[in-house]
1. Solvent-accessible area per residue for the range 1-99 at a 1.4 Å probe radius, Å²?
2. What FRET efficiency comes out for S243 versus D286 if R0 is 35 angstrom and r is the Cβ-Cβ distance? Round to the nearest 0.05.
3. What percent do you get for the relative contact order of the range 226-354 when only Cα pairs under 8 Å and 6+ apart count?
4. With no solvent and one equal point scatterer per Cα, compute the Debye intensity ratio I(q)/I(0) for the range 191-301 at 0.09 Å⁻¹ and report its log10, rounded to two decimals.
5. Considering just Cα atoms, how many Å³ per residue does the convex hull of the chain enclose?
6. Using a probe of 1.4 angstrom, how much of the accessible area of the chain is carbon and sulfur, in percent?
7. Work the Kirkwood hydrodynamic radius out for the range 7-140: mean of 1/r over every pair of different alpha-carbon atoms, inverted, in Å.
8. Residue separation times 0.36 nm, minus the C-alpha to C-alpha distance between Q321 and A236: what's the value?
Amino acid sequence: MNVATELPEVPHNRLTTGQEEVLAVSDVIKSGRWAAGKVLAELESNLARTAGVAHAVGVGSGIGALRLSLLASDVGAGDAVAVPAYSCVALANAVLACGAKPIPVEVEPGTWNISVAALKATLEQHPRLKVAIAVHTFGAIAPIREIEELGLSVIEDCSHAFGRAPFGCQGRMAMLSLYATKLLGAGEGGMILTQDEILADWLRQARDYSDQAPMAWRLNDKMTDLEAAIARCQLARLPQSLSARAALAQRYSELLKPHAGEGGFELPLDQTGRVWYRYAVAVSGDAEETISRMRAFGINAARPVERWCEPDFPNSSAAFQHLVSLPLYPTLTAAEQDRVVSAFLASVLPMVHA
Ligand SMILES: *Cc1c(COP(=O)(O)O)cnc(C)c1O
């Protein structure tokens, strides 16, 4: 324990960054074109190409991307929008900002993604439901096509999973957050992806109020070229980041699997084709207990999603209560990972590993 506390803490998030970001931002600063410049346009075309769609529209935040996507889907006062009950509160806030009502829907155990069966039942109770937001939670593939087959328009939230098929190209519209600690970090920022040119044109005029008629939705949702410069470097590094994350996740599973039979926790689902944005383990006790015990070893684990509703659904409630996210980022070293694993085991199985 003494030895552990003398070592530097292992943070829950650590940004992957290099000289590329420093130079790219410095170039934008020197260019004198800090907003609405060519770096944003380049980021948009690189992101669209990566997703395999025709258009990408950069905005100021993930929540802005959601709000504009909802408005573009004709969501307004009196409408209902389905959101996973286990999700970031930003989804509900974006729905409320449009004057609509967020309807929490139960998630599937393991993927923690919105459940198609639960969504189907919700649809029968809420005839004004026309849009669903589906998150690829922690990188597990959400059932976008199946939701569309229910007759709903889907906004695919790729904040946790991007960089290869099927992410970002399955539905009419996809978005991602470029907040600092997301898969692609820019500080703040968001992106909307679509094949539809008319939709893309609408989004471009909606993000900017300049020289346009007064309109409630024109709240200045633009992204700066400084942020775009960072995001462009992060995007160029994404293939290596995804491989590094996958290798670390596999190593976590190898190290933890022998102890899974001792009870106390369940490993995350190793779904084929998924992205490893978070490595979220389901502990049998309350997540907070494990997190605070691990902190005593200098390891920062976290509740991956903060509770924003009291869902009357067993899987969503269990996710809020029991999921613990272990540090997972490309620069996590094997030595750090070993420390995470021993601190985790000592915290969930103290009788065996103390
Ligand atoms: C972070 C996040 C958002 C909100 O994005 P901001 O950029 O913080 O506004 C939306 N959806 C998901 C899945 C997120 O992780």
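1. Ligands and nucleic acids excluded, the result is 46 Å² per residue.
2. Here the calculated transfer efficiency is 0.55.
3. Relative contact order, the range 226-354: 28 percent.
4. Those come out to -0.50, one per q.
5. Spread over its residues, the Cα hull of the chain gives 132 Å³ apiece.
6. That fraction is 56 percent.
7. 17.8
8. 27.0 nm
The values are calculated or read from the model by the stated rules, or taken from the named source; none is laboratory data. Not measured: the values here are computed from a predicted model. With ideal geometry, Cβ positions are generated from the backbone for all residues, glycine too; neighbour counts draw on all protein chains shown. Calculation scope for accessible area: heavy atoms of the full protein, side chains included, ligands and nucleic acids excluded. Shrake-Rupley method; radii C 1.70, N 1.55, O 1.52, S 1.80 Å.
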